[in-house]
Amino acid sequence: MGGYQSSYAIAVDSNGNVYTANRGTNDVSKITPGGVVSRLSIGGGTNPTRIAVDSNGNVYTANNGTNDVSKITPGGEVSRLSIGGGTLPNGIAVYSSPAAPTNLKVSPDAIVSWTASSGTGVFRYTVTATGMSNTLRQTTSTTSLKFLGLEIPGVYTFTVVATNTGGDSPSSSPYGPASMGYALFDMFSY
């Protein structure tokens with residue numbers, strides 16, 4: 001392990017890099033898939049006992065010796081986060097942002113539906129309708145909604161973003177341009 005001692009916990013990121021929390025040297029080892037080992041500072045934290053990596057490549061350690069959490073960005077910037085008066089943090093978890101919703105569909109009467117995002121704990125979907133002279137947003141906790149407030153008749157492009165504790169997903173593939181209300185408008189335009 002490149003001279004590092006007392007590796008206590010391990011995490012692997014989406015690129016296959018392996019990270020170890022090293023209690024003996026109060027740092028983190030990063031081992032690339034090619035076997036290159038580098039050392040990451042935990043910014044003065046001591047006795048890291050747990051480690052996690054989020055979807056953005058940030059590394060987190062739970063530091064029992066200083067009763068805090070170190071966050072190490074991919075660029076090597078370190079910040080220390082308080083645990084609010086607790087002692088001996090003995091676990092750490094990070095939520096990754098969810099994947100983008102898929103299979104977006106919009107009916108002519110503005111019922112928008114999609115397939116749920118893969119990922120944990122999605123608690124909100126934000127649907128955006130762009131077109132005519134405005135951009136409108138509505139939120140829901142389900143995978144469909146009746147979009148209100150559109151100019152009818154009108155032409156809009158729709159997207160959906162999922163949100164969980166880890167943040168926002170990428171936007172779904174756009175649906176549209178979609179014509180809203182033209183069938184109803186044509187019925188009354190004689």
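Values in this text are rule-based calculations from the coordinates and carry no lab data. Predicted model only: the values in this text are computed from it and were never measured. Glycine gets a Cβ as well: all are built from the backbone with ideal geometry, and neighbour counts include every protein chain shown.
Details
- Between the stretch 93-163 and the stretch 1-67, the Cα center-to-center distance that results, in Å: 38 Å
- Neighbours of Val160, meaning other residues whose beta-carbon lies under 15 angstrom from its beta-carbon, give a summed charge of +3 when Lys and Arg score +1 and Asp and Glu score -1.
- Summed residue charge, Cβ within 11 Å of Thr61's Cβ, Lys/Arg positive, Asp/Glu negative: +2
- The value of relative contact order for the chain, using C-alpha pairs under 8 Å at least six residues apart, is 14 percent.
- Within a Gaussian network of the chain (alpha carbon springs, distance under 10 Å), most fluctuating of Ser133, Ser179, Ser55: Ser133
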